[in-house]
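Here's the structure, in structure tokens; my notes come after.
The values are calculated or read from the model by the stated rules, or taken from the named source; none is laboratory data. Quick caveat: nothing in here was measured; it's all calculated off a predicted structure. Here the Cβ positions follow ideal geometry from the backbone for every residue, glycine too, while neighbour counts run over all protein chains shown. Heads up: the accessible areas ignore ligands, DNA and RNA and are worked out on the full protein's heavy atoms, side chains in. Shrake-Rupley method; radii C 1.70, N 1.55, O 1.52, S 1.80 Å.
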Amino acid sequence: MSLIGLLLALAAILGGNMIEGGHPSALLDLPAFLIVIGGTVGAALTQFPFSVVGKTLKRFKWLITPLRLDMLEQAQLLETLAGNARRSGMLALEGMIDDIKDPFLQKGVQMMVDGYEKTKIHEVLENEIEFEQEDIEQTVKFYEAMGGYCPTMGIVGAVFGLIHAMGLLAAPDKLGGALSVAFIATIYVVSAANLIFLPFGHRSTSFAHQHRPYKEMTLTGIPCFL
């Protein structure tokens, strides 16, 4: 629903502007965009390593098409795998590994087939859950950092616009255009921070909350294969 919510918010803002007699093209200003968005992204890149940025970009698709985590379906799959293991032995699961779509479960089953002890499997998979949670937390912090830097970049853009306007006091016909940069920069910063960066950060937090119980249930079910 992330994309739908964003489009709805933009439609409401632009629609209200048009009802008031404004035109969407009046909100397009390249200098203001470069200062606000470029400055915000640059500040965030200064704070975070490229590894965090890369993982954030990979997880961006979650915001458009969230992962489908069906607890009931996973429980049924675990029950099926456990039944096959008890009837035909652990080697019966070897031919089913490639059909398991969940990489986490696939890794656990592979370790069971390879003869790892339950305690070792539990330790490895539990650590993987914690590492993933920390990775997602870094993604959340990245979006929140951009949401925090954005207002400062908006002030910079507004001040630049006002400085430019002060230099045009002798040319009233150009003054309005210079002042518009200051106001457009403010619109950009408020919209980007509150419609994109901060909501994306909160959305990523919800993904972390969905993943943990799903994988913990999987972790609990894997030892039942023995």
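Among residues of region 102-121 that are in contact (Cβ under 8 Å) with a residue 12 or more places away in the chain, those with a Cβ under 6 angstrom from a residue that is among the charged types (D, E, K, R) and in a helix (DSSP H, G or I), sequence gap 6+ or separate chain, pair up as PHE104/LYS215; VAL113/GLU94. Restricting region 14-44 to residues that are open to solvent by 70 Å² or more (accessible area, probe 1.4 Å) and not in a loop (DSSP other than H, G, I, E, B), the residue that is farthest from VAL190 (Cα to Cα) is ILE19. Can we say GLU126 is within 30 Å of PRO49 (Cα to Cα), within 20 Å of the chain's Cα centre (by Cα) and part of a helix (DSSP H, G or I)? No. Is it true that ALA11 is open to solvent by less than 80 Å² (accessible area, probe 1.4 Å), free of Cβ contacts under 8 Å to residues at least 60 places away in the same chain, part of a helix (DSSP H, G or I) and under 30 Å from PHE160 (Cα atoms)? The answer is yes for ALA11.
For region 72-106, taking the residues that are surrounded by 15 or more Cβ atoms within 10 Å (Cβ to Cβ) and not in a helix (DSSP H, G or I), the one that is farthest from the chain's Cα centre (by Cα) is identified as ILE100. With respect to the stated conditions, PHE131 fails to be within 30 Å of the chain's Cα centre (by Cα) and modelled with pLDDT under 85.
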